[in-house]
Amino acid sequence: MPTTHVKRAFKYRFYPTDAQAAELSRTFGCVRKVYNLALAARTEAWALRQERVNYNATSAMLTTWKKTEELAYLNDVSSVPMQQALRHLQTAFTHFFAKRAKYPRFKSRKKSRKSAEYTTSAFRFRDGRLTLAKMTEPLDIVWSRPLPEGATPSTATVSQDTAGRWYVSLLCEDPAVKPFPDNGNEVGVDAGLDHLLTLSSGEKITNPRHERRDRARLAKAQREHARKVKGSANREKARRKVARIHARIADRRRDNLHKLTTRLVRENQTIVIEDLTVRNLLKNGKLARAISDAAWSQFRGMLEYKAAWYGREVIAVDRWFPSSKLCSNCGALQNKMPLHVRTWTCAQCGITHDRDGNAAKNLLAAGLAASACGAGVRPQRSSPGGQSATKQEPLQREP
């Protein structure tokens, strides 16, 4: 198998000086302004003249904007992050016209992510010291892990989260990312709430419920924030406190998912999951909070990109496949399976099933069948109630 180096982002926290923080804050504002101006220009051109404006045209607009008195402040920061913002807008429109995403939205000063991307022409990286354009001093970066040996960053993305923490993400080629040896192991994974994951091997992985652990503390901080006068310094302090709690929850959740997905990819050649539509599941008012805390979409995203890195295969089984109602032993299909039923006995073969473990086994069998023949599973026997699994939608593999 030919070796291809994977481009990987290495994220580090840094502590800017007052001057650096002010420069970066100005850059964030200019990036947001240019993005919104370009989006407005492209929207107007299409609405009035049915004209598609591309990146080159918006880049020329940027040059014009800089010469006006109203937008002369755009000259005070590096032009590279603003050019990158225009490229990101072009990518957003490409995804929109390909029907892979919704129409691009304007960036908000309060709600949008604060970030700026620098290419090699706008930063200097020497001897482990990163200096950005328009700055005289290097950033005070906490090198929590080393970059790949001999790696040179191709881009540096600086960001600030809602809790006020500063991060820099360096994109490098990582020669250490190589496909794992084929071990032939296969596993079905059923996502749940009582247990975060249930594997076809019978193993159940506990749901840490990160949000629930900090729920009381978060609620108290949110009440304190609501009582502060809008626009006051105390309200901003209270907002930061709420943001820090949210950040702590998100950090712990992400760390746990990284450990789980890395383990699954390392131990298994083929991983079968269910193609859940989390957006629709969140409409359930009683379970929305728990589903959000489980972060099934984030789990799947991590699993898929790590599988691509290390030469593993992830198969997504169609969401309509009756994994919970199907007997993994004889193939009989139950008529009903309410959510509160955690164990059940098959009326045809008499085997008692754990709901989640049975679903994981069925997902594995269905995924392997779909991978082998590119269609649905083989016909199942009819259940005592007369319903047959062959009437289900054909399995679909995720592109």
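The values are calculated or read from the model by the stated rules, or taken from the named source; none is laboratory data. What you are looking at is a predicted structure, and each value in this text was computed from that prediction instead of being measured. Every residue, glycine among them, receives a Cβ derived from its backbone with ideal geometry; neighbour counts consider all protein chains shown.
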Legend entry - For Arg13: the one exception among (1) assigned to a strand (DSSP E or B); (2) modelled with pLDDT under 95; (3) over 19 Å from Thr119 (Cβ atoms); (4) of a type in the set (D, E, K, R): (2)
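In the stretch 194-213, what residues are more than 22 Å from the chain's Cα centre (by Cα) and either among the acidic types (Asp, Glu) or not in a helix (DSSP H, G or I) (or both)?
Residues of the stretch 194-213 more than 22 Å from the chain's Cα centre (by Cα): 194, 199-204, 213.
Scanning the stretch 194-213 gives Asp194, Leu199, Ser200, Ser201, Gly202, Glu203, Lys204.
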Inset, instruction - Say whether the condition of being surrounded by 16 or more Cβ atoms within 10 Å (Cβ to Cβ), of a type in the set (S, T, N, Q) and more than 19 Å from the chain's Cα centre (by Cα) is met by at least one residue in the stretch 228-240. - result: no
Legend entry - Residue that is farthest from Leu193 (Cα to Cα), among those in the stretch 251-273 that are over 17 Å from the mean Cα position of the chain (by Cα) and part of a strand (DSSP E or B): Thr270
Inset, instruction - Could you list, in sequence order, all residues of the stretch 89-103 that are assigned to a helix (DSSP H, G or I) and surrounded by fewer than 16 Cβ atoms within 10 Å (Cβ to Cβ)? - result: Thr91, Thr94, His95, Phe96, Phe97
Inset, instruction - List every residue pair whose Cβ atoms sit under 7 Å apart, with the two residues 6 or more apart in sequence or on different chains, where the first one lies in the stretch 360-383 and is at positive phi and at pLDDT 70 or above and the second, anywhere, is in a helix (DSSP H, G or I) and surrounded by 21 or more Cβ atoms within 10 Å (Cβ to Cβ). - result: none
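Within the stretch 72-81, identify whether any single residue is of a type in the set (D, E, K, R), within 26 Å of the chain's Cα centre (by Cα) and either within 20 Å of Ser115 (Cα to Cα) or surrounded by fewer than 15 Cβ atoms within 10 Å (Cβ to Cβ) (or both), and answer yes or no.
Quick first cut of the stretch 72-81, residues of a type in the set (D, E, K, R) only: 76.
Still in the list and also within 26 Å of the chain's Cα centre (by Cα): none.
No, because not a single residue in the stretch 72-81 is of a type in the set (D, E, K, R), within 26 Å of the chain's Cα centre (by Cα) and either within 20 Å of Ser115 (Cα to Cα) or surrounded by fewer than 15 Cβ atoms within 10 Å (Cβ to Cβ) (or both).
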Legend entry - Counted residues, the stretch 293-313 - those being in contact (Cβ under 8 Å) with a residue 60 or more places away in the chain and either in contact with a Lys or Arg (Cβ under 7 Å, 6 or more places away or on another chain) or among the small types (Gly, Ala, Ser) (or both): 3
Inset, instruction - Could you tell me whether any residue of the stretch 283-300 is modelled with pLDDT of 90 or more, at positive phi and not in a helix (DSSP H, G or I)? - result: yes
Inset, instruction - Run Ala85 past the list (1) over 30 Å from Ala163 (Cα atoms); (2) touching a residue at least 40 places away in the same chain (Cβ under 8 Å); (3) of a type in the set (Gly, Ala, Ser) and report the number of the one that doesn't hold. - result: (1)
Legend entry - Subset of the stretch 162-193 (residues that are modelled with pLDDT of 95 or more and not in a strand (DSSP E or B)): Arg165
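Within the stretch 138-159, identify whether any single residue is surrounded by 16 or more Cβ atoms within 10 Å (Cβ to Cβ), part of a loop (DSSP other than H, G, I, E, B) and modelled with pLDDT under 90, and answer yes or no. Write out each step before concluding.
Initially, the stretch 138-159 is screened for residues surrounded by 16 or more Cβ atoms within 10 Å (Cβ to Cβ), giving 138-139, 141, 147, 151, 153, 155-159.
Still in the running and part of a loop (DSSP other than H, G, I, E, B): 138-139, 147, 151, 153.
With modelled with pLDDT under 90 added as a condition, the list becomes 151.
Yes, some residue in the stretch 138-159 is surrounded by 16 or more Cβ atoms within 10 Å (Cβ to Cβ), part of a loop (DSSP other than H, G, I, E, B) and modelled with pLDDT under 90.
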Legend entry - Of all residues in the stretch 125-137 being part of a loop (DSSP other than H, G, I, E, B) and of a type in the set (D, E, K, R), the one that is nearest to Leu171 (Cα to Cα): Asp127
Inset, instruction - Taking Asp275 as the residue in question, decide whether it is more than 29 Å from Val317 (Cα to Cα) and crowded, with 16+ Cβ neighbours inside 10 Å. - result: no
Inset, instruction - Please state which of the following conditions Thr119 fails to meet, knowing it meets all the rest: (1) at pLDDT 95 or above; (2) under 19 Å from Thr17 (Cα atoms); (3) among the β-branched types (Val, Ile, Thr). - result: (2)
